[in-house]
Structures are given as C-alpha cells and as structure tokens.
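*Asks:* Got a structure for you, written out below as structure tokens; questions coming shortly.
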Amino acid sequence: MSELLLGRTTPSPETYTPSVLHPIPRKRSPLVPYGHDFWRCYELSWINSSGKPEVAICEVVYPVESTCIVESKSLKLYLNSFSQSRFASFKEVEETVFHDLRTILDPEWIEVTIIPQERFPCLRWQETPDGICIDRIDVSIDTFQPDPGLLLTEISPVQETLYSDLLRTLCPITAQPDWASVIISYAGPQIIHASLLRYLCSFRHHSGFSEECCEQIFTDIHHRCAPDRLEVRCCYTRRGGVDITPLRSSAPVPRDSICSPRLIRQ
C-alpha cells in the first residue's frame with residue numbers, strides 16, 4: 001500500500017507512460033463465484049497523426065478471476081499520459097490500453113472499448129435503477145460500521161430487486177468518501193427491507209475499495225439470508241473522471257450483458 005499513488009502529490013505525465021499503472025492484489029472471497037468490475041473513464045484524449053487532439057470515453061471490464069485490480073489514481077494518470085502522445089487511430093489506442101491492463105491485471109479475459117465523440121449520445125443513463133427503492137423507509141440508525149447481524153429475513157420466499165442510493169464508504173488510503181447506488185437482485189427468503197437499509201447504511205464509516213465493499217455486501221447477504229440466487233451491483237459515482245461498477249453474482253453473467261447501465265448519479 002505504501003507504493004500506491006493515492007494520497008500522494010503526483011505530477012500527471014503528458015506522454016504515454018504505462019509504467020505509472022499500479023496493480024493491487026485482489027482479495028477475493030471464495031463465496032463469490034462470478035462477477036466483474038466495470039470502469040468507465042471520461043478523461044481520455046490524445047493527438048492524432050495530424051497533430052489534432054482527439055477525445056473519447058474508455059470502458060474497461062474484467063472478471064473477478066483477475067489476479068489484481070487496478071489502483072484508480074494510477075489509471076487516471078495512465079490515461080492522462082496519452083494527452084500529448086500521437087496515435088494513428090482509435091483502434092491503436094484501444095489495443096494499447098488493452099495490452100497494458102491485461103499485463104498488470106492478469107485476467108482470464110478483459111474488454112476495452114474506446115467510445116469516440118460522435119457516439120457520446122448513445123451513452124444514455126437511467127434516472128433510477130430497476131426495482132424497489134428502500135430509501136424512504138423510516139428507520140433509526142446508530143451503527144456506522146458494517147454489521148451483518150442487522151440483516152433479517154421472513155420465511156416466505158420471494159424474487160425481487162431492491163436498491164438504495166445511500167451507500168457511502170471511505171477510500172482506505174485517502175479516507176475520502178465514495179458514494180454509490182446498490183442494486184440487489186435475489187430469490188429466496190424475503191429480506192426485511194428495513195433491515196437491509198440499516199445494514200447498507202452501516203457502511204458509512206467503513207474503509208474499503210469499491211470492489212471489496214461490493215464483495216462484502218454479497219458475502220454478508222449470502223451468509224445471513226441464504227438466498228437461492230443473488231446478484232449485487234454497486235454503482236459508484238465518478239471520482240477523478242472514473243466511475244466504477246463492481247458486480248458480484250451467484251450465477252454466471254452473460255458476456256453480452258455485462259455493460260453496466262449508467263445511472264444518473266454517474
């Protein structure tokens with residue numbers, strides 16, 4: 001952790017510098033069989049062969065089986081290093097990012113998509129996630145560190161999707177707040193909605209990377225509520241020009257459906 005760029009004053013390189021990328025060993029729970037991490041990066045620009053700047057959005061997705069995750073500030077600095085470097089085409093930029101991230105993450109697969117300016121209008125957002133919002137439930141909350149004991153269930157089985165916009169966690173390096181909407185789809189004994197809201201709010205003073213927090217929520221619900229099927233998606237808001245959406249699931253996620261919908265907060 002002492003080698004990470006987070007929390008340090010670091011000049012932004014303006015010429016292509018892949019060495020600035022920092023991997024972090026992934027702490028994966030054995031109870032999480034499937035999932036991926038989806039990154040959408042809004043600050044990407046380079047110089048084309050004529051010397052004219054180009055601008056694009058970069059989407060990256062890689063599976064929970066990867067050996068490492070990428071440290072967010074290092075990814076931002078890496079993408080900024082393209083700003084005064086020349087690339088002949090969008091495809092060359094895409095292939096360069098693909099190669100560099102595959103090298104440090106060691107994933108089974110990785111997808112990198114460069115979205116050019118003319119396709120920006122295609123990036124529509126959802127005003128609200130699909131499912132039932134639990135945020136208007138009137139509850140008393142006095143626990144601000146994760147407490148899975150707050151999770152309670154009813155005997156009757158259901159199949160439903162619940163969401164909350166109230167998740168706040170802290171970066172484990174800088175202690176800066178990270179904000180997210182959490183979408184939980186499950187089938188099994190019904191989770192008491194008020195108990196789920198108390199549980200999610202208990203993360204308010206918790207330090208953890210977004211991937212680890214999503215994994216902890218999945219694991220705690222798996223332990224306490226014993227669902228037959230479970231999927232947890234944490235849609236973190238943009239910080240440093242990057243929004244991160246980790247997803248953890250008890251069932252395989254089809255490759256053609258992993259593109260995360262962009263919520264209005266992102």
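*Asks:* Any chance you could count how many residues in region 92-136 are at pLDDT 95 or above, in a loop (DSSP other than H, G, I, E, B) and of a type in the set (D, E, K, R)?
*Replies:* 2
*Asks:* Would you check if there is a residue in region 54-75 being over 20 Å from SER210 (Cα atoms) and out of contact with any strand residue (DSSP E or B) (no Cβ under 9 Å at 6 or more places or on another chain)?
*Replies:* no
*Asks:* Please go through region 226-242 and pick out each residue that is out of contact with any Asp or Glu (no Cβ under 9 Å at 6 or more places or on another chain) and modelled with pLDDT of 95 or more.
*Replies:* Quick first cut of region 226-242, residues out of contact with any Asp or Glu (no Cβ under 9 Å at 6 or more places or on another chain) only: 226-231, 233, 238.
ALA226, PRO227, ASP228, ARG229, LEU230, GLU231, ARG233, listed by residue number.
*Asks:* So which residues in region 212-244 are within 13 Å of the chain's Cα centre (by Cα), within 23 Å of TYR34 (Cβ to Cβ) and either β-branched (Val, Ile, Thr) or surrounded by fewer than 23 Cβ atoms within 10 Å (Cβ to Cβ) (or both), if there are any at all?
*Replies:* Within region 212-244, GLU212, VAL232, ASP243, ILE244 qualify.
*Asks:* Let me ask something additional. Quick check on TRP109: is it closer than 14 Å to ARG40 by Cα and surrounded by fewer than 19 Cβ atoms within 10 Å (Cβ to Cβ)?
*Replies:* Details: closer than 14 Å to ARG40 by Cα: no; surrounded by fewer than 19 Cβ atoms within 10 Å (Cβ to Cβ): yes.
No.
*Asks:* Pick from region 81-127 the residues that are of a type in the set (Ser, Thr, Tyr) and under 30 Å from ARG26 (Cβ atoms): which of them is farthest from the chain's Cα centre (by Cα)? Full working, then the answer.
*Replies:* Here is the first cut: in region 81-127, the residues of a type in the set (Ser, Thr, Tyr) are 81, 83, 85, 89, 96, 103, 113.
Now restrict to residues that are under 30 Å from ARG26 (Cβ atoms): 81, 83, 85, 96, 103, 113.
On the way: SER81: 22, SER83: 25, SER85: 28, THR96: 22, THR103: 20, THR113: 16 Å.
Ranking the candidates gives SER85 first.
*Asks:* Return yes or no: is LEU197 surrounded by 18 or more Cβ atoms within 10 Å (Cβ to Cβ), in contact (Cβ under 8 Å) with a residue 40 or more places away in the chain and part of a strand (DSSP E or B)?
*Replies:* Numbers: surrounded by 18 or more Cβ atoms within 10 Å (Cβ to Cβ): yes; in contact (Cβ under 8 Å) with a residue 40 or more places away in the chain: yes; part of a strand (DSSP E or B): no.
The answer is no for LEU197.
*Asks:* Check whether at least one residue in region 137-151 is closer than 28 Å to ASP256 by Cβ, surrounded by 16 or more Cβ atoms within 10 Å (Cβ to Cβ) and modelled with pLDDT of 95 or more, and report yes or no.
*Replies:* From region 137-151, those closer than 28 Å to ASP256 by Cβ are none; that's our starting set.
Scanning region 137-151 turns up no residue that is closer than 28 Å to ASP256 by Cβ, surrounded by 16 or more Cβ atoms within 10 Å (Cβ to Cβ) and modelled with pLDDT of 95 or more.
*Asks:* Now a separate question. Test THR128 against the stated conditions and say whether it is farther than 27 Å from SER12 by Cβ, in contact (Cβ under 8 Å) with a residue 40 or more places away in the chain and touching a Ser or Thr at 6+ places or on another chain (Cβ under 6 Å).
*Replies:* Spelling it out, it is not the case that THR128 is farther than 27 Å from SER12 by Cβ, in contact (Cβ under 8 Å) with a residue 40 or more places away in the chain and touching a Ser or Thr at 6+ places or on another chain (Cβ under 6 Å).
*Asks:* Can I ask one more? Which is touching a residue at least 40 places away in the same chain (Cβ under 8 Å) and either among the small types (Gly, Ala, Ser) or in contact with a His (Cβ under 9 Å, 6 or more places away or on another chain) (or both), of LEU44, LEU101, LEU75, LEU21?
*Replies:* LEU75
*Asks:* Name the single residue that is surrounded by the most Cβ atoms within 10 Å (Cβ to Cβ) among those in region 7-62 being of a type outside the set (Ser, Thr, Tyr), part of a loop (DSSP other than H, G, I, E, B) and more than 23 Å from the chain's Cα centre (by Cα).
*Replies:* Per the stated criteria, the residue is PRO13.
*Asks:* Can you tell me which of (1) surrounded by fewer than 17 Cβ atoms within 10 Å (Cβ to Cβ); (2) not in a strand (DSSP E or B) is the one TYR78 doesn't meet?
*Replies:* (1)
*Asks:* Return the residue satisfying two criteria in turn: it lies in region 182-194 and is under 16 Å from ARG229 (Cβ atoms) and among the aliphatic types (A, V, I, L, M), and of such residues it is surrounded by the fewest Cβ atoms within 10 Å (Cβ to Cβ). Steps first, answer last, please.
*Replies:* Here is the first cut: in region 182-194, the ones under 16 Å from ARG229 (Cβ atoms) are 183-191.
This time we only want the ones that are among the aliphatic types (A, V, I, L, M), so: 183-184, 187, 191.
Working: ILE183: 21, ILE184: 25, ALA187: 14, ILE191: 23.
For region 182-194, the residue satisfying everything is ALA187.
*Asks:* I've got another one for you. Within region 150-163, does at least one residue satisfy the condition of being in the same structural domain as ILE221 (by TED's automatic domain parsing), part of a helix (DSSP H, G or I) and on the phi < 0 side of the Ramachandran plot?
*Replies:* For region 150-163, residues in the same structural domain as ILE221 (by TED's automatic domain parsing), part of a helix (DSSP H, G or I) and on the phi < 0 side of the Ramachandran plot: present.
The values are calculated or read from the model by the stated rules, or taken from the named source; none is laboratory data. All of these numbers come straight from a predicted model, not from anything done at the bench. Methodologically, a virtual Cβ is constructed for each residue, glycine included, from the backbone with ideal geometry; neighbour enumeration extends over all protein chains shown.
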